[in-house]
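These notes concern the structure reproduced below.
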Amino acid sequence: MFIEESFFDADAAETARNMLGKVLCRKTPEGWRFARIIETEAYYLAEKGSHASLGYTHKRRALFMAPGTIYMYHSRGGDSLNVSCRGEGNAVLIKSAAAHLDNSPEILKIMSETNPVVNRATGEKRPRPFERLCSGQALLCRSLCLRVADWDAGRFNKDIFFMEDRGYKPSEILVRPRLGIPEGRDGHLPLRFLDGGLIRSSTLGR
């Protein structure tokens, strides 16, 4: 079932929890690619860990737009995917997903080869294990061919990129502090949510 924009018109932490188990669907020249969301982080305008707390700019405009607006930015590892929620400046970052559960073997092979593991010492590349294709926000975007230039401040589109409910719900949700928050910017807040049954494919599985 296609996720309507009204789904995102809710509290950021509530939305972050409810996004676990939903499936990102992305059309590419090779065929549809899928990623089941297993890790999210909630962000609020009023706390220092959010981009929105730094104030409105054109680059951050999506965070101040209607719920369901896509906000993408360049992190240290690559592109990152977020969705705005109820209240200006509030959003959810999609941190990790499980690609190996919903894709065909042919698509998984393509995703693995185009998102390789690189040996930093030698530069040697090898295919990434299927269960680790989306175990981080930048890996997720590379695996689904999502780029800031194409999707920032955009909306989900039923023809090429959308979120779907396939009836799956985690049996256990783990709550942790968010990752990568600079010191003194509310990094202690327990606003990171993980599917307890799929930890191996999340950032905790590294």
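The values are calculated or read from the model by the stated rules, or taken from the named source; none is laboratory data. Please read these numbers as outputs of a predicted model, since none were measured by experiment. Positions of Cβ are backbone-derived with ideal geometry, glycine not excepted, and every protein chain shown enters the neighbour counts.
Among the residues of region 60-75, those that are surrounded by fewer than 22 Cβ atoms within 10 Å (Cβ to Cβ), in contact (Cβ under 8 Å) with a residue 40 or more places away in the chain and either in a loop (DSSP other than H, G, I, E, B) or out of contact with any helix residue (DSSP H, G or I) (no Cβ under 9 Å at 6 or more places or on another chain) (or both) comprise ARG61, MET65, ALA66, PRO67, GLY68, SER75. Screening region 18-58 for residues that are within 25 Å of GLY184 (Cα to Cα) and within 14 Å of the chain's Cα centre (by Cα) and picking the one that is surrounded by the most Cβ atoms within 10 Å (Cβ to Cβ) gives GLU39. Would you check which residues across region 76-92 are within 15 Å of ARG61 (Cα to Cα) and part of a loop (DSSP other than H, G, I, E, B) and list them? Scanning region 76-92 gives CYS85, ARG86, GLY87, GLU88, GLY89, ASN90. Once region 143-183 is narrowed to residues that are among the polar types (S, T, N, Q) and surrounded by fewer than 21 Cβ atoms within 10 Å (Cβ to Cβ), the residue that is farthest from the chain's Cα centre (by Cα) is SER171.
In this structure, THR203 does not qualify as surrounded by fewer than 17 Cβ atoms within 10 Å (Cβ to Cβ), among the hydroxyl-bearing types (Ser, Thr, Tyr) and either out of contact with any helix residue (DSSP H, G or I) (no Cβ under 6 Å at 6 or more places or on another chain) or closer than 27 Å to GLU5 by Cα (or both). Residues in region 104-137 that are without any contact (Cβ under 8 Å) to a residue 40 or more places away in the chain, assigned to a helix (DSSP H, G or I) and either within 15 Å of ARG26 (Cβ to Cβ) or of a type in the set (Ser, Thr, Tyr) (or both): LEU108, SER112, THR114. Among the residues of region 81-95, those that are surrounded by fewer than 22 Cβ atoms within 10 Å (Cβ to Cβ) and touching a residue at least 60 places away in the same chain (Cβ under 8 Å) comprise ARG86, GLY87.
Using the structure shown, decide if ARG128 is at pLDDT 95 or above, in contact with an Asp or Glu (Cβ under 9 Å, 6 or more places away or on another chain) and basic (Lys, Arg). For ARG128, the condition - at pLDDT 95 or above, in contact with an Asp or Glu (Cβ under 9 Å, 6 or more places away or on another chain) and basic (Lys, Arg) - is not met. Looking across LEU140, LEU198, one residue alone is crowded, with 17+ Cβ neighbours inside 10 Å, part of a helix (DSSP H, G or I), in contact with a Cys (Cβ under 8 Å, 6 or more places away or on another chain) and of a type outside the set (Phe, Trp, Tyr). It is LEU140.
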